[in-house]
Structures are given as structure tokens and as C-alpha cells.
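Asks: So that we are looking at the same thing, I have put the structure below in C-alpha cells.
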Amino acid sequence: MKNFRIALLPGDGIGPEVIDETVKILDRVADLCGFSCTGETYSVGAGEYLKSGEALPQEVLEKCAECDAILLGAMGLPSVRLPGGVELTPQLDIREQLDLYKGLRPIKLYHESDTPLKGYKQCEIDIMLVRENTEGLFSERTKIADFEADKATDVMLISRKGADRICRAAFDEARKRRKHVTLVDKANVLPSMAYLRHIFDEVAKEYPDVDTERQYIDAMALFLVQRPGDFDVLVTENMFGDILSDLLAGIVGGMGMAPSADIGDKYAVFQPSHGTAPSIAGQNLANPIATILSAAMMLDWLDTEETRAGAAMIYRAVEIVFENPANRTSDMGGKLSTTEMGALIDGELGKK
């Protein structure tokens, strides 16, 4: 039986609660599908920063890199900030230090009652956002702001290597799906975006079986509200992807329904797209679905027959549970607790 070492980074706020429920699901599908997962829990985030002065200790990052995959809850707290005024973001440090350039943000509508948009039914919204994770407008995020200066600037970094590999990643994802890629940029104004579009066009020539289109970021925000069912794979720069992923989550039920994966050539982190939600931490109210779906993405990425079967089992269990509109946590207008939602998913695992 294959055993996978999984680095568990519960983090802050609701992170430990959603990780706890997800580990239960992982253990269950592992038993059902014939593999095992050994969780190795490490302290990373605002709590660790307050304790040791480091949000991401180097020795912890090294131990995570030795594991087969990393499962992260949520990190950072609004009240805990660096001297420059910004919040702690060790999840971004992990992406950059392990070169996890490919951010995958799948968005799927499970029931028409979960969307604020009219006329959309189950699975009619099914989008994969592919976000470049390591450069873009985040490229100088570690600079310390000078509050006495006359101005402040941030640099939009688009490298040839970074643009090429994220565009290829988007086309590869499209080949697994409906074979359509939309580049989201601001090439009508920004030279860096014109450069990105040029590289996208060059890569597209190598994928003649995949249809393409190009949309400006402002128009895309409009179209995702008006006609999200028209889109398959979106590829974006770092900041644009950060913004659009929240918009996309909003049209399928909220951040509690938004899983993600940050993938490089060797390492990968899987985590919900939501934050730490300190206002409800410790109250058993958090929606664990985004984390559970992130774990399913992890099992797909581990890419054995057994783990792929486990992923499919989780996806199907979520679909079945969400067929009943009453099965919702408070963020989606329901009454289920974190543990009750986890138990419902667990109860569907293994059923034919």
C-alpha cells in the first residue's frame, strides 16, 4: 500500500477547523481506495510569528519540501502586521520559494440556489482560473513602504519564462476540459500586458486544437457576471487572478466553495481560497468544502490510480450533498456546522 506524507499547515483563524474535517475525509477515502496518508503538522502563520518572530521558519519549509504534498488551511490575521504595515502572507512566501508558479482555481456551481445570477443551473458555471503565482504586480511585495516619501510604486513584472509557462499551463488544462482559453489582460494600456499577450499568441500556435479569445480585465469582470457559462479556462497575471478568483467564488456560493492548488514542477500546495475569518474562528461555523475540494485536487495531483479514485469519490460526495439546498453552512444561508457538513460528505463516501 502506497503511503503519502502530507505536510499539514493549519495556520490561523478557521484554518485548523477546516483542516481537521478535511483530514477525516482524506483518511476515509484512503481506507476505501487502498492508500494511506501520514499527516505531519507544522506551525506556520500569524500565531507562529507572534511566538517565534517568524511566520515561516526555514526548517519548517524544508520539512514541507520533503513531503509528497502540502495541505494548508488559512494564514494571517488582520491584527498581526509587519513593520511596513502589510499583513503576514507566508502562503505567498511558500509559493515563491518553492516556485509554485501555477495557481489553479476551479469554480463550479453545484446548485442553482447558490448563485446570485439568474438562469444558471448545476454545472452550467464551470471555470478553471489559471493564475500566475510568482511575479506580476506582486513582484516587489516584500518592499517596506516609506510613509514619509512623496510617492510609492509597485512594479508589474512579466518575464518571458513566467509568461510562457503559465500560458502553456492554461492550454494544457484546456485540453483536459472544453478546449477553450481566454487570456485576461490590460493590453490596451499597459506595455507589460501587451508583452504577455504577444507570448500568449505565440504559445497558442502550438495548440491548434484549443480555441482562444482575449479580454481586458475590466470587461472580463463584467462578462463573468453577465455570462459566466461561456468561459472554460481563464489565464491571468498574479493580481488580476487574485481579484477574479474572489468574483468567481461569489457567483457559485462564496469563498467557502473555492478550492485552489499552487503547483510547480516539483512541489505543490493545496488550500482553500478563503482567508482566516477570525470573527468566526473556534465557533464550528466555517465552511470546510473549499478545503475538502482542495484535498481532492491534491489526490488528483498525486496521480496514482488509487488517489485519483479517492478524488473522484470526494467530488461525487460533494455533488450529492449539495443536491439538497438545505445542506449548507451559515455562509451560504444554512444551519450546518463545520463538523456536520464534514459528516455529510463522509457519509456519502464509498456509496455507489
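Asks: Mind checking whether some residue in the range 282-290 is without any contact (Cβ under 8 Å) to a residue 12 or more places away in the chain, surrounded by fewer than 20 Cβ atoms within 10 Å (Cβ to Cβ) and not assigned by TED's automatic domain parsing to the domain that holds Ser192?
Replies: There is at least one residue in the range 282-290 that is without any contact (Cβ under 8 Å) to a residue 12 or more places away in the chain, surrounded by fewer than 20 Cβ atoms within 10 Å (Cβ to Cβ) and not assigned by TED's automatic domain parsing to the domain that holds Ser192.
Asks: Here is a further query. Suppose we filter the range 141-159 for residues that are in contact with a helix residue (DSSP H, G or I) (Cβ under 7 Å, 6 or more places away or on another chain) and more than 20 Å from Asp262 (Cα to Cα); how many remain?
Replies: So the answer is 1.
Asks: When you look at Tyr207, is it of a type in the set (Phe, Trp, Tyr), in contact with a Lys or Arg (Cβ under 9 Å, 6 or more places away or on another chain), under 16 Å from Thr236 (Cβ atoms) and in the same structural domain as Asp232 (by TED's automatic domain parsing), yes or no?
Replies: It is false that Tyr207 is of a type in the set (Phe, Trp, Tyr), in contact with a Lys or Arg (Cβ under 9 Å, 6 or more places away or on another chain), under 16 Å from Thr236 (Cβ atoms) and in the same structural domain as Asp232 (by TED's automatic domain parsing).
Asks: Taking the options Ala221, Ala174, Ala163, name whichever one is within 20 Å of the chain's Cα centre (by Cα) and closer than 17 Å to Pro106 by Cβ.
Replies: Ala174
Asks: Another question, then. Would you mind listing the helices (runs of 4 or more DSSP H) fully within the range 243-352 where at least 1 residues are under 22 Å from the mean Cα position of the chain (by Cα) and of a type in the set (Lys, Arg)?
Replies: In the range 243-352, the matching helices (runs of 4 or more DSSP H) lie at 305-322.
Asks: Which one is modelled with the lowest pLDDT, of the residues in the range 81-98 that are surrounded by 16 or more Cβ atoms within 10 Å (Cβ to Cβ) and in a loop (DSSP other than H, G, I, E, B)?
Replies: This residue is Leu88.
Asks: Right, another one. Hey, among Leu196, Leu104, which residue is in a helix (DSSP H, G or I) and of a type in the set (A, V, I, L, M)?
Replies: Leu196
Asks: Hey, can you tell me all the residues within the range 7-56 that are part of a loop (DSSP other than H, G, I, E, B), surrounded by fewer than 23 Cβ atoms within 10 Å (Cβ to Cβ) and among the acidic types (Asp, Glu)?
Replies: Across the range 7-56, the qualifying residue is only Glu54.
Asks: Restricting the search to the range 107-130, which residues are assigned to a loop (DSSP other than H, G, I, E, B), crowded, with 17+ Cβ neighbours inside 10 Å and among the hydrophobic types (A, V, I, L, M, F, W, C)?
Replies: Leu109, Leu117, Ile125
Asks: Name every residue in the range 301-347 that is surrounded by fewer than 17 Cβ atoms within 10 Å (Cβ to Cβ) and acidic (Asp, Glu), in order of residue number.
Replies: Asp303, Glu305, Glu319, Glu323, Glu340
Asks: On the given criteria, is Asp172 of a type in the set (Asp, Glu) and either assigned by TED's automatic domain parsing to the domain that holds Val321 or farther than 19 Å from Ile251 by Cα (or both)?
Replies: yes
Asks: On to the next question. Could you pull out the residue among Asp262, Asp300 that is at negative phi and touching a residue at least 12 places away in the same chain (Cβ under 8 Å)?
Replies: Result of the check over Asp262, Asp300: Asp262.
Asks: Sticking with this one: Looking at the structure I just gave you, is Val80 on the phi < 0 side of the Ramachandran plot and in contact with a helix residue (DSSP H, G or I) (Cβ under 6 Å, 6 or more places away or on another chain)?
Replies: Here the answer is yes, as Val80 does meet what is asked.
Asks: For residues that are free of Cβ contacts under 8 Å to residues at least 40 places away in the same chain and either charged (D, E, K, R) or in contact with a strand residue (DSSP E or B) (Cβ under 7 Å, 6 or more places away or on another chain) (or both), tally how many sit in the range 242-259.
Replies: 1
The values are calculated or read from the model by the stated rules, or taken from the named source; none is laboratory data. Please read these numbers as outputs of a predicted model, since none were measured by experiment. Every residue, glycine as well, gets a Cβ built from its backbone with ideal geometry; the counts of neighbours run over all protein chains shown.
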